[in-house]
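Let me begin by presenting the structure, written as structure tokens, before commenting on it.
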Amino acid sequence: HPFHVVKNLFGHRRTRYRGLFKNEAQLFTLFGLGNRFQARRTLLAQGARPS
């Protein structure tokens, strides 16, 4: 499921070589956002404000 979110919803299909550090940073960011995206229902059900 996390790969579905990153690939299909965020559009990260192929990686252009920009250096290992930049590619790694982008993937860490996308997977962090993907975790937040998947937890949104739980957070909203608990009464958290969406940001």
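The values are calculated or read from the model by the stated rules, or taken from the named source; none is laboratory data. Predicted, not measured: the structure shown is a model, and the values here were computed from it. All Cβ positions, even for glycine, are placed from backbone atoms using ideal geometry, and neighbour counts span all protein chains on display. With ligands, DNA and RNA removed, areas are computed over all heavy atoms of the protein, side chains included. Shrake-Rupley method; radii C 1.70, N 1.55, O 1.52, S 1.80 Å.
So here's what we get for this one:
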{"quantity": "Tilt relative to the chain, helix 20-38 - C-alpha long axis, 0 to 90 degrees, to 10", "calculated": "20"}
{"quantity": "Probe 1.4 Å - accessible area at Leu44, Å² to nearest ten", "calculated": "100"}
{"quantity": "Size-normalised alpha-carbon gyration radius of the chain, reference 2.2 N^0.38 Å", "calculated": "1.34"}
{"quantity": "For the chain, size of Cβ-based charge dipole, Lys and Arg +1, Asp and Glu -1, in debye", "calculated": "180"}
{"quantity": "The chain: chymotrypsin sites (Phe, Trp or Tyr not before Pro) in DSSP coil with no more than 16 other Cβ atoms inside 10 Å", "calculated": "Phe10, Tyr17"}
